[in-house]
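Worksheet for the structure shown next.
Where a number appears in this text, it was derived from the coordinates with a stated rule and is not lab data. Here the structure is a predicted model, which means the values were calculated and not measured. Here Cβ is always computed from backbone atoms with ideal geometry, including for glycine, and neighbour counts include all displayed protein chains.
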Amino acid sequence: MESRRGWFDDPYGRYPRRYFNGEKWTNQVQIATGEVVTETSTAVETDPPAEPTPDTPFEPLSVEQENPKEKSKRNAVAIAIGVVLTLSVIGAITEDEEASNESSPENAPTDEEVVSGDTLERAPTTSVPTTTTAARSYPSELFDMAASYLRYSSFSRDGLINQLEYEGFTTEEATAAVDAQNADWNAQAVGSAENYLGFTAFSRQWLIEQLESDGYTNSEATFGVDAQNADWNEQASQSARNLLSFGGFSRQGLIEQLEYEGYTNSEATFGADAQNADWNDQASRVAQSYLDFAEFTRQELVNQLLFDDFAQSEAEYGVNAVGL
């Protein structure tokens, strides 16, 4: 009985229960429906009854009325693109919640503020109302949180459930709240695919696999990717340009790398040839990178460049360029 802090029979006789904070009676009361509200009557200040007696039964809030857990907005996405997207979503949701809190009457009254009359207003955070959907219940604030995530970005069903679990909710609560959104997951996949293509280049296959890793089903991911009507040759060209900016490649080596990333042979070939690269210069870059990490004889370095699919003339040029 920690300082006899808790819910007790209302000593004023107006409501079923009233909260005692260990020092005094507050204006947070529970009405007949079980909902917790804030009373603005002056009686709490002007006519305080005695404290609860030691033998007064302590009545904690029920499970459904426990205060919500503290939550922090964190990133749940594994790759760097997802980090950027998630942070932007969280920022938008936070701004939305702050704006809502500033204008909401829920934050106006406290147990220290008294207004004349017997008007009732909702208590700000004393209880968490629950909603029941298909025999599953979840805090009503969770529905709003799930809706906020979907309002500011795109999520798969599994991805959104995982995000809410990361926020501290149970799987059952998160699943119920997500399903209550009645979201079009195909449309969500379209949005996710568009976001990814807005950051970097993808092959069709690799983008489908990325969406699947985000929790979309294969059919949802395929729908989302095909809805982009993307020019996959152009995507291959962008990918090739990105690869050449980070390291040297032979023409064949670049084509094979693009194929590894999910492009078809024709798309990869288009992307590599669209660069109009100087393959002799690429050979010299690769040759120098090898010498930066190990010692080579001239022939060993030529053989290594041939292994990397440079032509004989390109390999010879590269080795000559580094002084061997």
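A few remarks follow.
- The slack in the chain from ASN265 to ARG14, taken as 0.36 nm per residue of separation less the alpha-carbon distance, amounts to 82.5 nm.
- Only Lys, Arg (+1) and Asp, Glu (-1) charged, at Cβ; segment 279-321 dipole about Cα centre in debye: 60
- Exposure proxy ranking for TRP206, TRP25, based on other Cβ atoms within 10 angstrom of each Cβ and starting from the fewest, stands as TRP206, TRP25.
- Residue exposure sequence - LEU306, LEU164, LEU211 - by fewest surrounding Cβ within 10 Å: LEU306, LEU164, LEU211
- Applying 1/(1 + (r/R0)^6) with r as the Cβ-Cβ distance of GLU256 and ARG298 and R0 = 25 angstrom yields a FRET efficiency of 0.45.
- Using the Cβ-Cβ distance between ASN186 and ASN276 with R0 = 56 Å, the FRET efficiency computed as 1/(1 + (r/R0)^6) comes to roughly 0.90.
- Residues GLU209 and LEU324, FRET efficiency given R0 of 45 Å [Cβ-Cβ distance, rounded to 0.05]: 0.60
- Local net charge near TRP232, Cβ-Cβ under 12 Å (Lys/Arg +1, Asp/Glu -1): -4
- Total formal charge among the other residues, if their Cβ is under 14 angstrom from that of THR200, Lys/Arg +1 and Asp/Glu -1: -2
- Taking other C-beta atoms within 10 angstrom as a stand-in for reagent exposure, VAL286, VAL322, VAL225 fall in the order VAL322, VAL286, VAL225, fewest first.
- You can think of it this way: the chain between LYS24 and TYR152 has 41.7 nm of extra reach, that is 0.36 nm per residue less the Cα-Cα gap.
- Note on ASP144 and ASP179: the model spin-label points, each 7 Å out from Cα along the C-beta direction, lie 2.4 nm apart.
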